[in-house]
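Beneath this line is the structure, given in structure tokens, with notes to follow.
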Amino acid sequence: MFEIFAYIARGAGWTIVMTFGSAAIGIVLGLPLLVLAESKFALIRGIYNSIVHVIRGVPTLVWLFISFFGVGQLGITLSPVTASLLTLSIIATAYMSEIYRGGMKAIPAGQWEAAGALNLDRWSTLRFVIGPQLFRAVSPSVATQIIGLLKDSALVSTIGVADLVFRAGIMTQYHAHGLYMFGIAGAVYLLLSLPIAVFSRTVHTRITRRYAVA
Amino acid sequence: MSISHLSPNSSALEEGAPAMEGSFVSAVQLTKQFGEHKAVNDVSLDVAKGEVISIIGPSGAGKSSLIRCLNLLEVPSSGRLRIGDATVDFDTGTPSKASVRNLRNYTGMVFQSFNLFPHFTALKNVTLPQMRVHRRSKAEAEERAMQELKRVGLESKAGAYPAQCSGGQQQRIAIARALAMDPQLMLFDEPTSGLDPEIGAEILQVMRKLASDNMTMLVVTHEMEFARHVSNQVAVMVEGSIIEQGPPEQIMTAPNNIRTQKFLSAVLGR
């Protein structure tokens, strides 16, 4: 019994790599994309909007199949792990940059103006004035997004990455007991999402406690 | 884009240089256009060192736009501007970063909505800009910050976040933040309009003290008492233009322009 549990739970390794790998890439690469999203040139904004719309408008599973089966046809063969990580990262980046864009709207124009009037340069303004407020504004949405990625990562089992769902599936083929096997997988997902939620709540209350009291 | 550094005693002013040689601020034919609308229409204004000028007029007259043009929060569409040794000519294109920086070095601004940085304590609000812009050490910046907070009567609030301070306190912290940058011209954009009258009075008190310390000030205000008793000059703005300017007593009691009379009788209820 314990061996079955241990076998499935080891799938958490790939689940964690997929989730946090793509989340980390999305959190980092989403920031430079903001420059395109907020560009003063309508053409650049248009290109950005179309790309984000396409990425978000097609189901993750379809993207996964395109990068694994489809791209293979073009002569570039990606391993299941590479195809999965690539796909989830691109999707995460699109979502994160949209979260950042929303967060920027929450920062009053007066903050930029005060920084400008004080003669702060662009870097100091972003680093000390806008950045910390953006971080506060987006942290709950980012946490929600990471939990979404955790759940979406289950899709990588379909192209053969040995994550929680994949291993639960194998155990079902050997021993039946689908309810038990996938129940274990589900429980591990819940367990993994818990620290994300707790961490996000702690960070959020810590930064809002200071300056949300009126 | 031309930036020329005129030495204060240079007698040979180049052609087209501001007429009033003794003035500290000289705005010449500034216009700020938003689409078809001219928020500021061909305004020329000279301010001498130590002078306090109140800019009054109906809302929508372009008062805020005008003083925002002076520190380039709005870049004028045309005209010329000199503050101290920094000059910018808007007829020849967008000002360079360096000329914006030079000009802003002279100015401090106080906003209607305070615009303190909410994630910093009062002390850090006042120290951070000093450290980033003037490269002061933390110790230097903090010493200066405490002086300025004391000047506005809020040294006890140094460790408080803006949200833990009242509106009036936030505005005084914002004034301290601006003063710590050693401005030679203070721009006030309706500094009391977002506050209850009795709280506004404490801001006006601080401003009065600043004026008596010989700070050069441009104040957009609806406070007629302040305009009358603290400023040396009152400029009346209507529809983007300064229609009348003069000593407060004359403007308040014997305005020449019919539109000034209308405006004053509306606000003073007489």
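The values are calculated or read from the model by the stated rules, or taken from the named source; none is laboratory data. Remember, it's a predicted structure, so these values are computed and weren't measured experimentally. Virtual Cβ from ideal backbone geometry, glycine too; neighbours counted across all protein chains shown.
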Tally the residues that are within 15 Å of the chain's Cα centre (by Cα), under 16 Å from B:Phe24 (Cβ atoms) and either within 12 Å of another protein chain (Cβ to nearest Cβ) or in a helix (DSSP H, G or I) (or both), restricting the search to region B:84-119. 6
(1) in a strand (DSSP E or B); (2) away from chain A (no Cβ under 14 Å): which one isn't true of B:Met186, the others all being true? (2)
Those residues of region B:70-83 which are at the interface with chain A (Cβ under 9 Å from one of its Cβ atoms) and touching a Pro at 6+ places or on another chain (Cβ under 9 Å) amount to B:Leu72
Going by the structure shown, is A:Leu43 closer than 30 Å to A:Phe166 by Cβ, out of contact with any His (no Cβ under 7 Å at 6 or more places or on another chain) and in a helix (DSSP H, G or I)? no
Restrict the check to region B:127-146 and report whether at least one residue is modelled with pLDDT of 95 or more, under 18 Å from the mean Cα position of the chain (by Cα) and aliphatic (A, V, I, L, M). no
Filtering region B:36-66 for residues that are without any contact (Cβ under 8 Å) to a residue 60 or more places away in the chain and charged (D, E, K, R) leaves a count of 2
Within region A:123-171, can you find the residues that are among the basic types (Lys, Arg) and within 14 Å of chain B (Cβ to nearest Cβ)? A:Arg127, A:Arg136
Here is a check on your reading of the model: is B:Gln33 in a strand (DSSP E or B) and either touching a residue at least 12 places away in the same chain (Cβ under 8 Å) or buried (at least 22 other Cβ atoms within 10 Å of the Cβ) (or both)? yes
Need the failing condition index for B:Ser193 against (1) surrounded by 19 or more Cβ atoms within 10 Å (Cβ to Cβ); (2) touching a residue at least 60 places away in the same chain (Cβ under 8 Å); (3) not in a helix (DSSP H, G or I), just the number. (1)
Quick one: B:Ala235 ticks every box in (1) among the small types (Gly, Ala, Ser); (2) farther than 25 Å from B:Thr121 by Cα; (3) within 14 Å of chain A (Cβ to nearest Cβ) bar one, so which box is it? (3)
For region B:107-126, name all the residues that are more than 17 Å from A:Gln111 (Cβ to Cβ) and without any contact (Cβ under 8 Å) to a residue 40 or more places away in the chain. B:Leu123
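Here's the yes/no breakdown for (1) farther than 21 Å from A:Ile207 by Cβ; (2) in contact (Cβ under 8 Å) with a residue 60 or more places away in the chain; (3) outside any helix (DSSP H, G or I):
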residue: A:Val138; (1), (2), (3): no, no, no
residue: A:Gly148; (1), (2), (3): yes, no, no
residue: A:Val156; (1), (2), (3): yes, yes, no
residue: A:Met171; (1), (2), (3): yes, yes, no
residue: A:Tyr174; (1), (2), (3): yes, no, no
residue: A:Leu179; (1), (2), (3): yes, no, no
Search region B:145-156 for residues that are within 14 Å of B:Ala178 (Cα to Cα) and touching a residue at least 60 places away in the same chain (Cβ under 8 Å) and pair each with any residue that is of a type outside the set (Ser, Thr, Tyr) and in a helix (DSSP H, G or I) when their beta-carbon atoms are under 9 Å apart and the residues are at least 6 apart or on different chains. none
Here are some conditions: (1) surrounded by 24 or more Cβ atoms within 10 Å (Cβ to Cβ); (2) at pLDDT below 95; (3) charged (D, E, K, R). B:Lys97 meets all but one. Which one does it not meet? (1)
Based on what the data block shows, is A:Leu120 within 14 Å of another protein chain (Cβ to nearest Cβ), among the aliphatic types (A, V, I, L, M) and part of a loop (DSSP other than H, G, I, E, B)? yes
In the set A:Gly131, A:Gly110, A:Gly103, which member is closer than 24 Å to B:Leu128 by Cα, part of a helix (DSSP H, G or I) and under 17 Å from the mean Cα position of the chain (by Cα)? A:Gly103
Please work out which residue is farthest from the other protein chains (Cβ to nearest Cβ), limiting yourself to region A:95-117 and to residues that are of a type in the set (A, V, I, L, M) and surrounded by fewer than 20 Cβ atoms within 10 Å (Cβ to Cβ). A:Met104
Count, please, the residues in region A:77-119 that happen to be touching a residue at least 40 places away in the same chain (Cβ under 8 Å) and among the basic types (Lys, Arg). 1
Within region B:229-243, can you find the residues that are surrounded by fewer than 17 Cβ atoms within 10 Å (Cβ to Cβ) and either in contact with a helix residue (DSSP H, G or I) (Cβ under 7 Å, 6 or more places away or on another chain) or closer than 19 Å to B:Gly79 by Cβ (or both)? B:Glu239
Residue by residue through region A:55-75, note down the ones that are over 21 Å from A:Lys151 (Cα atoms) and surrounded by 11 or more Cβ atoms within 10 Å (Cβ to Cβ). A:Phe69, A:Gly70, A:Val71, A:Gly72
